[in-house]
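Asks: Let me begin by handing over the structure; questions about it come next.
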Amino acid sequence: MSNLDQADLHGLRVLVVEDTLFVADFIVDGLQDIGCDVIGPAPRVEQGLALAKSELLDGALLDVNLAGEFCFPIAEALKARGVPFAFLTGYGDVGLPPAFREVPRLTKPFELKDLAKLVERQFAKAD
C-alpha cells in the first residue's frame, strides 16, 4: 500500500463508527497505515453521534447497522457540519434512505486498498 501512502493523507482525521470489533480493528489499522488519525472506533449510534458533533473531522466511515440501530442520525450530523462521509455496508440501495443513496460506500467485505482509495478520493485535503 505504499503507493497510496501520500502526504495529503497524513494527519487526516477520520471518524470510524463500526460495531464489530475485528472489522473496526481492521479499519483502524488500515487507516493508521496510510497516515490517518483515527477518531473512535465508536460501536454505537450514541457514541458515534457524540464524536460526530464534537470532534474536528476530515471524514467519517459509518457502518450502516450498529447493533440493530441505523447510523443515519450520525450521517445527518456530519452532513449538517459539512463533513464528508461514506457508508460501510452489506446493504444495497434498498437499505438506504433516498437522501443517502448517493453517498459513497464500500460493500462488506472489502480490501484495505479499496478503503484507502475511498479515503483518498473522498476525504483528502486539496493542495
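Asks: Look at K125 and say whether it is basic (K, R) and either farther than 21 Å from L9 by Cβ or part of a helix (DSSP H, G or I) (or both).
Replies: When the stated conditions are applied, K125 does not pass them.
Asks: Which fully enclosed helices (runs of 4 or more DSSP H) of the stretch 6-88 have 2 or more residues being within 19 Å of E120 (Cβ to Cβ)?
Replies: So the answer is 21-33.
Asks: Within the stretch 66-76, track down each residue that is of a type outside the set (F, W, Y) and either surrounded by 13 or more Cβ atoms within 10 Å (Cβ to Cβ) or under 14 Å from the mean Cα position of the chain (by Cα) (or both).
Replies: L66, E69, C71, P73, I74, A75, E76
Asks: When the residues of the stretch 51-64 are narrowed to those that are loosely packed, with under 15 Cβ neighbours inside 10 Å and in contact with a strand residue (DSSP E or B) (Cβ under 8 Å, 6 or more places away or on another chain), which ends up farthest from F22 (Cα to Cα)?
Replies: The qualifying residue farthest from F22 (Cα to Cα) is L56.
Asks: May I ask you to say which residue of G30, G68 is out of contact with any Phe, Trp or Tyr (no Cβ under 9 Å at 6 or more places or on another chain), free of Cβ contacts under 8 Å to residues at least 24 places away in the same chain and not β-branched (V, I, T)?
Replies: G68
Asks: Checking the conditions here, which among A60, A24, A50, A86 is without any contact (Cβ under 8 Å) to a residue 12 or more places away in the chain and among the small types (G, A, S)?
Replies: Exactly one of A60, A24, A50, A86 is without any contact (Cβ under 8 Å) to a residue 12 or more places away in the chain and among the small types (G, A, S), namely A50.
Asks: Just give me the residues in the stretch 77-127 being of a type outside the set (D, E, K, R), exposed (fewer than 15 other Cβ atoms within 10 Å of the Cβ) and either under 22 Å from L31 (Cα atoms) or under 14 Å from the mean Cα position of the chain (by Cα) (or both), in sequence order.
Replies: G82, G90, P104, T107, P109, A126
Values quoted throughout were computed directly from the atomic coordinates according to the rules given, and no laboratory measurement underlies them. Everything numeric here is computed off the predicted structure, so don't read it as measured data. Note that we place each Cβ from the backbone using ideal geometry, even for glycine, and neighbour counts take in every protein chain shown.
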